[in-house]
Amino acid sequence: MSTFIDNKSAIAALFQTALATAYPALADGAFMIEVEKPKNPDHGHFAVNSALQLAKKLGAKPCDIAEAIVAALPASDLIATQPDIAGPGFINIRLSLAAETRVVGSIFADGDNFGKNHTGANQSVMVEFVSANPTGPLHVGHGRAAAIGDTLARLLTWQGYQVSREFYYNDAGVQINNLMLSVQARLRERSGLDAPFPEGGYHGEYIREIAERYAGKFPDDVSGNHEDTLRDFAVAYLRHEQDLDLKAFEVQFDHHYLESSLYTEGLVEKTVAHLVANGKTYEQDGALWLKTTDYGDDKDRVMRKSDGTFTYFVPDVAYHVTKWQRGFKRAIVELGADHHGSLARVRAGLQAMDMGVPVGYPDYVLHQMITVMRGGEEVKISKRAGSYVTLRELIDEVGRDATRYFFVMRKADSQLTFDIDLARSKSEENPVYYVQYAHARICSVLAQWGGDETALKSADLSPLTSKYESDLTRALADFPLTLKHAAHELAPHIVAVYLGDLAAKLHSYYNAERFLIEDEKLKLARLSLVLATRQVLKNGLTVLGVSAPEKM
């Protein structure tokens, strides 16, 4: 159980009591006090503008209402001084030093768990991400999906959800056949046979690697005539390669779901039959159509083409039906923005199934494309994959930490420029280095001190009166709320932004004040504060899947 006390909520409760005292007619709770942070921190820790909102309802001047509320405030150790009434009726509140610094004690009490809560109430939620076709090495777009999806899963776990990570393998369809034909062509080329390359085939060097491995394992089929065996081998080889890429990225999945199983188990046919039985389809021009316009789509969509094959969104509907039937009442899917067109169709199909699936199921998080830069120029191709930059090469070049941090530091639906030179630099311009260095800098200070860190956890914090110390304690108190907000918005970049701001405040504090001073009481107070800051930096980096080094 977390020991963290949210001062914002505590202030709201305090003012709610004062409002009911000053105006008994509002004691029923129909009007709720809202507490905000002032844009200018010099105005205080929090602000209440309820007096302005109530002026018309109460038929009184906002200033008079504000004065009445302030006068009715019960005694509390939360507030330092009488709140200020500014402008047309804003109430500005300053916390007492004890209230401001008590977050430090919560951090020490909770340790690696500081920032966790039970909002999710153990509810099961699936996060599906990456879900790459097993037709080649993972590219940087898959890497961004992996970083965002894994961080979302971590965020939701920290909020008390039971999270299941799933990878959906698109191991059926035209692209898999093209993979087989591509490897087959390389095998025949290797044997000196005429080997026309298939239209839409894969040209990377990894296709030659698969051909070599296949020929070594199946010496009786060096020309790839056993197409089913060759197809299975190629898919298994690339699945293993992708698993190695993800392992290097420290991303793990609880379950892998095969698209092919939707067909072998008859789930696609069953889904279509269910939609037909529900009267949600019609025949036209030899094709079977789904009435997606009944669910907000701009036009109805073909489900089964005139040649008898299904359009690509149909197995997606069947797959999401399995998620619902497996008990995942909440599901989140992380995809590239190029999949945007299929979202409405999948959701419409799920609604048409009439299975009780809520509108808006599943939640989607879409990421935009990545531009990789080196030396001021765009890097477009890989030595191994040929047509794109692979995730593995990026990790090898800049490291896992920088790769993960860069992938999540911008809003998912914004385009991302990945500057390799910046990611490798050891400077404050490098955002991941800047944050990790803040952690390492604190470790260095504590090592120079050489004392028992346990003693710092009971230090008297009353000497912490500087602006830098106030800025830092405010930021520390924001951490649990930041995680909660990031999880609610499905926006991991919020955590990265927070960590950058916290690191900036730590570096400013370090440059403005000395820690190892003769004043023992002040020294221990300052060391206690930075020790708490180190814990929060570590916890935030853990949520992002990034390490917190002690030396840099």
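The values are calculated or read from the model by the stated rules, or taken from the named source; none is laboratory data. Keep in mind the model is a prediction, meaning the values are calculated, not measured. Every residue, glycine as well, gets a Cβ built from its backbone with ideal geometry; the counts of neighbours run over all protein chains shown. Note: areas computed on protein heavy atoms with side chains; ligands, DNA, RNA excluded. Shrake-Rupley method; radii C 1.70, N 1.55, O 1.52, S 1.80 Å.
Structure notes:
- Beta carbons closer than 8 Å, at least 6 apart along the sequence or on distinct chains, pair a first residue in the range 162-187 that is farther than 19 Å from A318 by Cα with a second that is assigned to a helix (DSSP H, G or I) and of a type in the set (S, T, Y) for V163/T157; V183/Y214; L187/Y214.
- A residue that is open to solvent by 30 Å² or more (accessible area, probe 1.4 Å), under 14 Å from T473 (Cα atoms) and either touching a residue at least 24 places away in the same chain (Cβ under 8 Å) or touching a Phe, Trp or Tyr at 6+ places or on another chain (Cβ under 8 Å) (or both) occurs nowhere in the range 511-533.
- Looking across the range 448-469, the residues that are open to solvent by 20 Å² or more (accessible area, probe 1.4 Å) and either closer than 15 Å to A532 by Cα or of a type in the set (D, E, K, R) (or both) come down to D452, E453, T454, A455, K457, S458, A459, D460, L461, K467, Y468.
- Filtered by the rule that a residue be β-branched (V, I, T) and not in a helix (DSSP H, G or I), the range 54-79 gives a lone residue, I79.
- Among residues of the range 400-422, those that are more than 19 Å from A337 (Cβ to Cβ), open to solvent by less than 60 Å² (accessible area, probe 1.4 Å) and touching a residue at least 24 places away in the same chain (Cβ under 8 Å), counted: 8
- Number of the exception - G327 against (1) assigned to a helix (DSSP H, G or I); (2) more than 22 Å from the chain's Cα centre (by Cα); (3) among the small types (G, A, S); (4) modelled with pLDDT of 95 or more: (1)
- Wholly enclosed strands (runs of 3 or more DSSP E) of the range 80-183 bearing at least 3 residues under 22 Å from H320 (Cβ atoms) and open to solvent by less than 50 Å² (accessible area, probe 1.4 Å): 124-128, 162-169
- Search result, residues across the range 237-248 that are within 29 Å of the chain's Cα centre (by Cα) and not polar (S, T, N, Q): L238, R239, H240, E241, D243, L244, D245, L246, K247, A248
- Of residues in the range 38-48 being without any contact (Cβ under 8 Å) to a residue 24 or more places away in the chain and open to solvent by 90 Å² or more (accessible area, probe 1.4 Å), the one farthest from I85 (Cα to Cα): K39
- Filtered residues of the range 18-28 (kept if open to solvent by 30 Å² or more (accessible area, probe 1.4 Å) and either touching a Phe, Trp or Tyr at 6+ places or on another chain (Cβ under 8 Å) or outside any helix (DSSP H, G or I) (or both)): Y23, A27, D28
Yes/no per residue for (1) touching a residue at least 24 places away in the same chain (Cβ under 8 Å); (2) open to solvent by 30 Å² or more (accessible area, probe 1.4 Å):
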residue: F253; (1), (2): yes, yes
residue: V272; (1), (2): yes, no
residue: G286; (1), (2): no, yes
residue: F313; (1), (2): yes, no
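- Count of the range 2-22 residues which are among the polar types (S, T, N, Q) and within 31 Å of the chain's Cα centre (by Cα): 4
- Taken as a whole, the structure places A51 among residues that are in contact with a Gly (Cβ under 7 Å, 6 or more places away or on another chain) and farther than 20 Å from D478 by Cα.
- Helices (runs of 4 or more DSSP H) lying entirely in the range 440-525 (those with 2 or more residues that are within 17 Å of E100 (Cα to Cα)): 467-489, 493-512
- With respect to the conditions (1) open to solvent by 20 Å² or more (accessible area, probe 1.4 Å); (2) over 28 Å from K538 (Cα atoms); (3) among the aliphatic types (A, V, I, L, M); (4) part of a helix (DSSP H, G or I), A51 lacks only one, and its number is (1).
- Which listed residue, of D194, D228, is part of a loop (DSSP other than H, G, I, E, B), open to solvent by 70 Å² or more (accessible area, probe 1.4 Å) and not aliphatic (A, V, I, L, M): D194
- Residue check for G89: touching a Cys at 6+ places or on another chain (Cβ under 8 Å) and more than 19 Å from T542 (Cα to Cα): yes
- Scanning the range 424-435 for residues that are part of a helix (DSSP H, G or I) and open to solvent by 10 Å² or more (accessible area, probe 1.4 Å), we see that the one that is farthest from A496 (Cα to Cα) is R424.
- When restricted to residues that are assigned to a loop (DSSP other than H, G, I, E, B) and among the aliphatic types (A, V, I, L, M), the range 290-313 contains 0.
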